[in-house]
Structure formats: structure tokens, C-alpha cells
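The values are calculated or read from the model by the stated rules, or taken from the named source; none is laboratory data. In this text the structure is predicted, and so the values were computed from the model without any measurement. Ideal geometry is used to build each Cβ from the backbone, glycine not excepted, and the neighbour counts take in all protein chains shown. For the accessible areas, the whole protein counts, side chains as well, though only heavy atoms, and no ligand, DNA or RNA atoms are used. Shrake-Rupley method; radii C 1.70, N 1.55, O 1.52, S 1.80 Å.
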Protein chains: 2
Amino acid sequence: MTSTLGFAILAVLARGDRTGYDIAAAMRRPVGYFWTAGHSQIHGELQKLRTACLVEFETAHGPGPQDKKVYRLTAAGEAALREWVTAPPRERVERDELVLKTYASWLADPETVRRLFADQLALHEARLADYEQAEASYDGPPPFGDPRFGNYATLRCGLGYERHRAEWCRWVLSQLGDGG
Amino acid sequence: MTSTLGFAILAVLARGDRTGYDIAAAMRRPVGYFWTAGHSQIHGELQKLRTACLVEFETAHGPGPQDKKVYRLTAAGEAALREWVTAPPRERVERDELVLKTYASWLADPETVRRLFADQLALHEARLADYEQAEASYDGPPPFGDPRFGNYATLRCGLGYERHRAEWCRWVLSQLGDGG
DNA sequence: GGCAGCATGTAATTCGTTACATGATTCA
DNA sequence: TGAATCATGTAACGAATTACATGCTGCC
């Protein structure tokens, strides 16, 4: 049973051969926007994937005390990834600390709640500006079938999410009265 | 160090005294929309909260082999909750399986991707209808300071989220060409 | 009599984070 | 000489899921 992290790794390798280190870098940016893992988790998962014959590697020298391992998808790995892609995702429970705080916010002083949401709003607006700049670097949506379609479509999801979040923060602020 | 789950439990108890069983029920609906836990996790956490003197309980009889325990917030518990509410939430990594699949979707057959997104769209539209009905039962936003403000504000977040998701699904479908 | 709901817990396992441990290459 | 980057791994801990385990009350 390959975990979702396993498929995240396969999805990275589908775009080109990588070392564990490279995969960890991809898991920060851009994959980190929707899936993350530290390098320790990745090395462990790579061993499981190899046992399952979904990836293989070639060693190359340096740098460092051990040889580096350049991983690539096997035919079985690509087939497994392809099948997983269109299988319905299992329901993940939402865990959102800000929303939980909001649920209990009626207990708190409106002025400190205002500060909390103003900070969150600034954060979402900053990310939004960032994503908008990234979007501007595209010349329209890449065609489906191009790996860049994946990048663009996920960016588009992030844009929508940040807009929704910013708007919600603004709404909460609007409910807090006119305290300044 | 109280965990976020601990504060979720305190947030439920702030609305009234509950047994562990009742808390577990609340963690399915309505708290489950933004935080969840099974009863086994809750019973364990309640013991930690009691050790930290943030909650206390009174036993009452039946049903069942043991007496039931009705928990309530202590003064220290309420203070801790109040302080936590306005402290900035720690950044949670997003883990979104559907977006991950989208990132790898360029590998797959457009027709099966279409089915995946059509199903997801239906799911979000159903939830949206559900939330819209819940919103209609309110007579406008409750005032801040009322516990119902928490319920309404989180519902409002859910509405925005489902709308954003549905719209994104529609956009992905629009990019898949006219295959039927 | 049987089933749903109330009610509490423990155990096993997996997933994820953080810290520990090592060490060469490249650039300033 | 020193810092950043490349590169791989193990260990310890905490968070979360699932399964196991028990048994009364109230309703049909």
C-alpha cells in the first residue's frame, strides 16, 4: 500500500530523475503548496518505493561521504501513478486552526481579534500578490498533456484559495465594529 | 504544552459542560468541519487537560459499566483558551490530495480526469447547498460576543471555501476540451 | 429478544516533525 | 577560513487512525 506521500514522490519523479535531496527541494517549492515532507521522511519512503519496485536508482559519486542516488520511475511506478491520479481522493479531514480560533472568538476581546485577522489578511494578500506575479509569467494556460498544465492548474487553485481567505478575513473584520 | 486538540476541546466546553462522548459528537458536527478527533483521542486528551488543571469533572451514574464524567472548564482553562484564541496560529502545511493529483494529471487520460473533477464538483455543490440552507436559518450574522457568532463565522468560511472549490473544478473541466 | 445509542477506555500502527549525525564541494 | 549547498541517513517523539474491549439503558 503506497501512501499519498509515495505518490507525491512519484509525481515529482515523473517530471525527471532526481536525488532524494532534489525531491525534498521540490517538496518545499512548488509541491509544498499542496504537499510537504522533510528529507528524513522522503528517504524512508524512497526505500519503500524501491521495495515495491516503483522506483530504481543509479549511484553517482559525490559530494559527501556516500554516493548519491539518482532515482527514476520504473514502468510499474509510472503505471501506478497514472492509475492513482484519476482514482477519487479519500476525504481528508479539514484541520484549520484559524477557523477553530474563530469558533471560540466570541470569548475574546474584539480588539485583539481584530489584530489577529488584520495579520492574517496581510499574509493572504502577500501570498496573493506572489501568486498573481507567478500567473503573469504564463502566457495563458498550458495545454493539458503538458507537465506545465499541472503547475498552472495548482497555481490557479492557490489564487482562488487566497482570494477566498482574504475576503473572509475582511468579512470578519467588518463584523468587529468600528473599534480602532 | 496543550495541543491544538486540547484547545478544540476547551472551545467545546466553553459552550457548556459535556461528557467525553458529547465532545466526540461535537467533533463530528459542527466542529468537524474544521477540526476532528475520534473518541479515543479525546479521552486521552481530557486526561492531559485534567492533569494541567484546565478541566475538571463530576461523575454521574450510568449508563454503562463505569460512571460517566461530566467535564467543565476551570477558571484556568477558560483563561488559557482566551489567551490561545488571539495568539497567531502556527502555519499548517496544506495537504491536498486532489491538488496533488492535478499536479500529475497531465499524465492521465482527459476523459477519466473529467470524471474525477465532475464528481468533485458535484460533491462541492452538494455541500454548498447544505451550507446555504444552514445560512438561511440565521436571521443575519449574530453579534460578536454571542457564541453563535462563532458558528456563523465558520459557516461563512465554509461557504466561501466550497464556492472557490466548485469554481476551480469548473475551470479545470473547461480546460479539458470538449470530449464527451 | 434485538438493535441503536450512551459511555469509557486500551493497544497497535502509521504518519509526520524535529533533532542528531556525518562529511565533501563550491564560492566568497 | 568559513559559510552555504549538496547529500544521506537514524532516532525519538508526538499526533492521528483504527481496532479491540466492555456493558447498561431505552425503545420497538
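Under 5 Å from the amide H of residue A:55 lie the amide H atoms of A:50, A:74, each residue being 5 or more positions distant or on a separate chain, with H modelled from the backbone and absent for Pro and chain starts. Normalised by residue number, the volume inside the convex hull of the Cα atoms of segment B:110-180 is 78 Å³ per residue. For segment A:142-180, a decrease in accessible area of 50 Å² or greater in the assembled protein chains relative to the isolated chain, with a 1.4 Å probe, applies to A:144, A:149, A:156, A:157, A:161, A:164, A:168, A:171, A:175. If you roll a 1.4 Å probe over segment B:97-174 with all protein chains in place, what percent of the accessible area is carbon or sulfur? Carbon and sulfur atoms account for 50 percent of the accessible area of segment B:97-174. Magnitude of the charge dipole for segment A:4-86, about its Cα centre and with charges confined to Cβ atoms of Lys, Arg (+1) and Asp, Glu (-1), is about 200 debye. Taking Cα atoms only, the orientation of helix B:4-13 departs from the longest principal axis of chain B by about 60 degrees.
Taking a straight Cα-Cα cut-off under 18 Å and skipping sequence neighbours fewer than 8 places away in the same chain, the aspartates and glutamates within cross-link reach of residue B:69 are B:17, B:22, B:45, B:56, B:58.
Counting only lysines at least 8 places from residue B:68 when in the same chain, those with an alpha carbon closer than 25 Å to its own are B:48. Based on C-alpha pairs under 8 angstrom that are at least 6 apart in sequence, segment B:105-180 has a relative contact order of 48 percent.
With R₀ set to 30 Å, the beta-carbon distance separating residue A:4 from residue B:125 gives a calculated FRET efficiency near 0.75. Going from the isolated chain to the complete set of protein chains, segment A:89-103 loses at least 30 Å² of heavy-atom accessible area (1.4 Å probe) at A:89, A:91, A:92, A:94, A:95, A:97, A:99, A:100, A:101, A:102, A:103.
The angle between the Cα long axis of helix A:147-174 and the main principal axis of chain A comes to about 20°, on a 0 to 90 degree scale.
Relative to one another, the C-alpha centroids of segment B:110-180 and segment A:116-150 are positioned 21 Å apart. Return the tail of the calculated pair distribution for segment B:1-69, meaning the percent of Cα-Cα pairs more than 19 Å apart. Cα-Cα pairs of segment B:1-69 separated by over 19 Å account for 28 percent.
Accessible area per residue for chain B, computed on protein heavy atoms with a 1.4 Å probe, is 51 Å². A simple charge model with +1 on the Cβ of Lys and Arg, -1 on the Cβ of Asp and Glu and nothing else charged puts the dipole of the protein assembly as shown at about 700 debye relative to its Cα centre.
Scaling the Cα radius of gyration of chain A by the globular reference 2.2 N^0.38 Å produces a ratio of 1.32. Just to confirm my numbers, what's the Cα centroid distance between segment A:65-81 and segment B:25-90 in Å? Segment A:65-81 and segment B:25-90 have Cα centres spaced 46 Å from each other. Between residue A:61 and residue A:17, the simple label model (points 7 Å from Cα in the Cβ direction) yields a spacing of 1.8 nm.
For the protein assembly as shown, what does the helix formula give at 222 nm: sum of -39500 (n - 2.57) over DSSP H segments with n ≥ 4, over the residue count, nearest 500 deg cm²/dmol?
For the protein assembly as shown, the value works out to -19000 deg cm²/dmol.
To test your reading of the geometry: what angle, between 0 and 90 degrees and rounded to tens, separates the Cα axis of helix A:75-86 from the longest principal axis of chain A? Roughly 20 degrees between the two axes. Relative contact order of chain B: 18 percent, from C-alpha pairs under 8 Å at least 6 residues apart in sequence. Positive-end ranking of B:8, B:36, B:21 along the dipole of segment B:4-86, with charges on Cβ about the Cα centre, is headed by B:36. Each peptide in B:6-14, B:71-79 was scored by the mean count of other Cβ atoms within 10 Å over its residues; highest first, the order is B:6-14, B:71-79. A Förster radius of 30 Å combined with the Cβ-Cβ distance from residue B:133 to residue A:90 puts the calculated FRET efficiency at roughly 0.70. A simple count of charges around residue B:128, restricted to other residues whose Cβ falls under 13 Å of its Cβ and scoring Lys, Arg +1 and Asp, Glu -1, yields -1. Here each label is just a point 7 Å from Cα along the line to Cβ, and for residue A:82 and residue B:70 those points are 6.2 nm apart. What translational D, rounded to a whole number of µm²/s, comes out for the protein assembly as shown from Stokes-Einstein when the hydrodynamic radius is the Kirkwood one over Cα pairs, at 37 °C and 0.692 mPa s? D = 144 µm²/s.
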